[in-house]
Amino acid sequence: MIITIETHIAVTQKEPIRFQDYGTGIFTGISTKSALKKAIKKGLIYIDEKKASTGTFIYGSEKITFNKPEENNTKKRLNLKLEVVFQDNYLAIINKPPGILVSGNTFKTIDNALEQNITKSSLPDATKPRPVHRLDFPTTGLLIIGKTSASILALNKLFENKKIQKTYLAVTIGEMIKKGTINTNVDNKEAFTTYNVLKTVTSNKFNYLNLVKLEPKTGRKHQLRVHLSSINNPILGDAKYGIPGKIIKGKGLYLHAYSLDFTHPFTNKKISVTKEPHNKYTKIFPML
């Protein structure tokens, strides 16, 4: 098998950083810490001509190389049109459609559709565009994509330090207190969500349907769905956490990543992006 070498020159650090914290996202195909550790364990990564370890400190200007099997350029391309809401040379924001995984071992993922929808960065460390966070399979809305090695690293840090504010819109079932905070643990980990009911309408089948603004303060798996179910106000269309007998089919989950607010890690400009939900929401709440 042909071996190619991908090279990265380390960005200058204010303080030394361990390679296990720096290396995630700098190479195509290594977007998680676990993938990075596997590549290091296999001896595929070198720092200044020496085999890398997770504990190697990065100061800046180090030459980091990744030996990997040559990619098959004739591989099948995923033909999936994505709406690009924002993009520049560093990052992009797309509107994720429902019913598709962000990434994974299946062919049909957002990850596999990005190169066909996003303009490649012209910067020296341009890489295959990659999602830097996740939305559930049935969830729609705004998803941030990194377009360079440095931006993927920087965006991961913003999420880690809770510097990216995400707001969701959901339709929930049942009578609901107008606002509050939910702090039920998710997967035995602390989780916090604030919510505000924007509008309530009566319903023959559900008694009440609520349009709710949600702001997760932590990022646990299925957090919003678990939290709303825990207060007996599950999200409309939630087959996993919904109330038996009150789960609609064929309409999907009524959960939408509505807005993103953060400071651009390279231009320092304020990024504030919103995307209105699908018109199925307006059929319930015409004011949208």
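The values are calculated or read from the model by the stated rules, or taken from the named source; none is laboratory data. It should be emphasised that the depicted structure is a prediction, and the values quoted were computed from it without experimental measurement. Here the Cβ is made from the backbone with ideal geometry for all residues, glycine too, and neighbour counts use every protein chain on show. SASA here: full protein model, heavy atoms, side chains in, ligands and nucleic acids out. Shrake-Rupley method; radii C 1.70, N 1.55, O 1.52, S 1.80 Å.
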### Backbone N within the stretch 165-196 under 18 Å of label point (7 Å from LYS283 Cα along the Cβ vector)
170-173
### Potential lengthening between LYS37 and ASN207 on full extension [0.36 nm per residue; Cα-Cα distance subtracted]
56.1 nm
### Query
Using a basic spin-label model with each label point 7 Å from the Cα along Cα→Cβ, how many nm lie between THR7 and SER272?
4.4
### Message
Tell me the accessible surface of ARG18 in square angstrom (1.4 angstrom probe, heavy atoms of protein chains only), to the nearest ten.
### Response
100
### Message
Taking the Cα centre as origin and putting +1 on Lys and Arg beta-carbons and -1 on Asp and Glu beta-carbons, what dipole magnitude results for the stretch 122-260, to the nearest 20 debye?
### Response
120
### Query
Mean separation of Cα pairs under 8 Å and 6+ residues apart, divided by the residue count of the chain: what relative contact order is that in percent?
14
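Run the dipole for the chain about the Cα centre, Lys and Arg Cβ at +1, Asp and Glu Cβ at -1, nothing else charged, and hand back the magnitude in debye, nearest 20.
Taking the Cα centre of the chain as origin, the dipole is about 680 debye.
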### Query
At 222 nm, what helix-only mean residue ellipticity would the chain give, in deg cm²/dmol to the nearest 500, using -39500 (n - 2.57) for each DSSP H run of four or more?
-3500 deg cm²/dmol
### Query
What residue among ILE100, THR263, SER229 has its Cα farthest toward the positive end of the dipole of the chain, where the charges are +1 on Lys, Arg and -1 on Asp, Glu, each on the Cβ?
SER229
### Task
Counting only chymotrypsin sites (Phe, Trp or Tyr not before Pro) that are in a DSSP loop and have at most 13 other C-beta atoms within 10 Å, tell me the longest site-free stretch of the chain.
108-288
## Note on the structure
note: the stretch 233-286, Cα-Cα separations exceeding 16 Å make up a percent value of 58
### Query
Can you list the residues, at least 5 places off or on another chain, whose amide H is less than 5 Å from the amide H of ILE271, using H built in the peptide plane?
PHE262, THR263, HIS264
### Query
With Cβ to Cβ distances under 12 Å as the rule, what net charge do the other residues near LEU91 carry (K, R +1; D, E -1)?
+2
### Summary
The long-range amide H neighbours of GLN13, using H built 1.01 Å from N in the peptide plane and a cut-off of under 5 Å, are GLY60
### Evaluated over the chain, the Cα radius of gyration and Dmax, each in Å
21.1, 69
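Mind listing which GluC sites (Glu not before Pro) in the stretch 36-140 are in a DSSP loop and have 16 or fewer other Cβ atoms within 10 Å?
Passing sites in the stretch 36-140 are GLU49, GLU70, GLU71, GLU115.
Just need the relative contact order of the stretch 150-288 here, percent rounded to a whole number, with Cα pairs under 8 Å and 6+ apart. If you can, show how the numbers build up before the last one.
Details: 257 pairs, mean separation 35.7, N = 139.
Dividing the mean separation by the residue count of the stretch 150-288 yields 26 percent.
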### Message
Can you compute the modelled spin-label distance between LYS14 and LYS162, with each label point 7 Å from Cα toward Cβ, in nm?
### Response
2.0
### Query
Ignoring ligands, DNA and RNA, what percent of the 1.4 Å accessible area of the stretch 153-287 is carbon and sulfur?
47
